[in-house]
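Below: the structure, in structure tokens.
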Amino acid sequence: MKTSLKILRVFNIPIELDASFLILIIFIYLMAFLKLISIQLAVLITLVFVTVVIHELSHSYVAQRFGVEIERIVLLPIGGVSQMGAIPQNPRQELLISIVGPLTNMVIALALYLLYLVSNPYLPSMINNFVMEFTLVNVVLGLFNLVPAFPMDGGRILRAIMAEKIDYLRATEISVYIGKIMAIAMAVAGFYVSIFLIFIALFIYIGADQEYKATLISSLLTGMKIKEIMTTDVKTLAPQDTVKHALEKMFEYKHMGYPVTEDDHLKGIVTFHDLSGAEDRQNTTLNQIMTTQLITVHPDEEVASALEKISTNNLGRLPVVEEEILVGIISKTDIFKVLELMKNRTEK
């Protein structure tokens, strides 16, 4: 279920507010209304989130220039998240994509500081202090993102620099290891400084681990085509088959979804959920209930592309189609079996 609200589009990238973020903003301004915090602090927090969006937009814009698809930017209580395709494994491209975010914060801070110097003699001290606070916030955000630990920008910058000299996967391993060590040190410091530091450390540690796994999978699957591992013996149903017949076949072969084909042309997909919702199972045919908005892959696509589509859309398997003809099926299980075999081979 979608829990975010699209507010605008910049560089053709949708920017959305998550429901939890809206609740947070309402809570902040309610506290300001009740005089539990100052209205200046409430506005400052709001502007911090605006800065976070600009930070993410800078990453996304440069990534777009290198051909990376940007799905959207979602604003959450913990900050902004850019949902984009795989970062290029070209060290210089990754360096530029990563470093532009902190640089954007520094540019904003410099602009605000110049504004402070120019306006200081003419504006009330309250406004000048506010501008200076916002300047410092941007400096802190920029420096914090330069911490050399995944998933921070600094971790990606470190990897990009090392990847110029050593293997990309090895550069990732070293960067992730450094990130985890820093996260552990940050968590220990959090016991003496602030519990908030422990949460940040946990975020960094989990993010570093996920980054390594994603890079490992990408490295192992590089160059492997879907046609090399897809299942070609595909059990199918026809559009004129009844729901009753489809359920019988589903219980016989123990699959929860089937392609619906006519003369080998893929027409749709039917799942157990589709079938269970039909009232007249004896007379209802599959062309009445099947899903026709399909996500498919081509046999010459890379396996990594199929895994990304499966993960992004929360699917178990994908039809493999060539010129509208169903030629196979690739499942998440197929991909992970191959990954396990390749990992075992590389460890020997």
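Computed from the coordinates by the stated procedures, all read-outs in this text should not be read as laboratory data. Bear in mind the structure is a predicted one, so any value in this text is a computation, not a measurement. Neighbour counts are summed over all protein chains in view; Cβ atoms, including those assigned to glycine, are modelled from backbone coordinates with ideal geometry.
Annotation: aspartates and glutamates with alpha-carbon distance below 19 angstrom to Lys213 (same-chain offsets under eight excluded): Glu94, Asp153, Asp167, Glu173, Glu302, Glu308, Asp334, Glu340, Glu347.
What is the gain in length, in nm to one decimal, between Asp280 and Arg92 on full extension, counting 0.36 nm per residue of separation less the C-alpha to C-alpha distance?
Numbers: separation 188, 0.36 × 188 = 67.68 nm, distance 5.99 nm.
Length gained, Asp280 through Arg92: 61.7 nm.
All C-alpha to C-alpha distances of the range 200-278, sorted into 5 Å bins beginning at zero, yield P(r) values of 3, 12, 16, 13, 9, 8, 11, 12, 9, 4, 2, 0 percent in whole numbers.
Spin-label pair Glu228-Arg170: with each label point 7 Å from Cα along the Cα-Cβ axis, the two points sit 2.3 nm from one another. 3J(HN,Hα) along the range 308-323, derived from phi through the Karplus expression 6.51 cos²θ - 1.76 cosθ + 1.60 where θ = phi - 60°, amounts to 5, 5, 5, 5, 4, 9, 6, 10, x, 7, 10, x, 9, 10, 10, 6 Hz, with x in place of Gly and Pro. For the chain, the longest principal axis of the C-alpha atoms and the axis of helix 39-65 are separated by about 50°. Rg/Rh for the chain (Cα atoms only, Rh after Kirkwood) is 1.07.
Separation of the range 249-294 and the range 199-223 by C-alpha centroid, Å? After rounding, the separation between the Cα centres reads 37 Å.
With R₀ set to 25 Å, the beta-carbon distance separating Leu202 from Leu5 gives a calculated FRET efficiency near 0.35.
Return the single residue from Tyr192, Tyr205, Tyr116 with maximal mean-square fluctuation; model: Gaussian network over the chain, springs between Cα atoms under 10 Å. Result for the chain, Cα springs under 10 Å: Tyr192 fluctuates most.
Sorting the segments 269-281, 131-143, 29-41 by their mean number of nearby beta carbons within 10 angstrom, highest to lowest, gives 131-143, 269-281, 29-41.
DSSP beta bridges confined to the chain are antiparallel in about 85 percent of cases. Which of the aspartates and glutamates could be linked to Lys6 by a straight reach, that is with a Cα gap under 14 Å, when you skip same-chain ones fewer than 8 residues away? Straight-line reach from Lys6, under 14 Å: Glu16, Asp18, Glu71.
Residues of the range 161-185 with an amide N closer than 19 Å to a point placed 7 Å from the Cα of Phe144 along the Cα-to-Cβ direction: 179-180, 182-185.
Compute the projected area of the convex hull of the Cα atoms of the range 36-131, averaged over all viewing directions, and report it in nm² to one decimal place.
Values: hull surface 30.8 nm².
Mean projected area of the Cα convex hull: 7.7 nm².
Taking R0 as 22 Å, what's the FRET efficiency between Asp264 and Phe336 from their Cβ-Cβ distance, rounded to 0.05? Can you show the working numbers first?
On the way: r = 28 Å, r/R0 = 1.29.
Taking R0 as 22 Å, the efficiency between Asp264 and Phe336 is 0.20.
Net length available on complete extension from Met31 to Ala111 is 25.8 nm, with 0.36 nm assigned per residue and the Cα-Cα distance removed. With a simple spin-label model that places each label point 7 Å from the Cα along the Cα-to-Cβ direction, the separation between Ile195 and His245 comes to 6.2 nm.
Entry note, the chain: relative contact order of 10 percent, from Cα contacts under 8 Å with a spacing of 6+ residues.
Pairs over the 31 Å Cα-Cα cut-off, from the set Lys267/Lys337; Lys35/Lys180; Lys165/Lys225: Lys35/Lys180.
Just so you know, the Rg over Rh for the range 228-348 is 1.03, from Cα atoms, with Rh as the Kirkwood radius.
Convex hull volume of the C-alpha atoms in the range 148-263, normalised per residue: 189 Å³. For the chain, the longest principal axis of the Cα atoms and the long axis of helix 168-190 meet at an angle of about 50 degrees. Amide H contacts of Gly328 (H built 1.01 Å from N, in plane; Pro and chain starts excluded): Val320 sit under 5 Å, all sequence-distant by 5 or more or on other chains.
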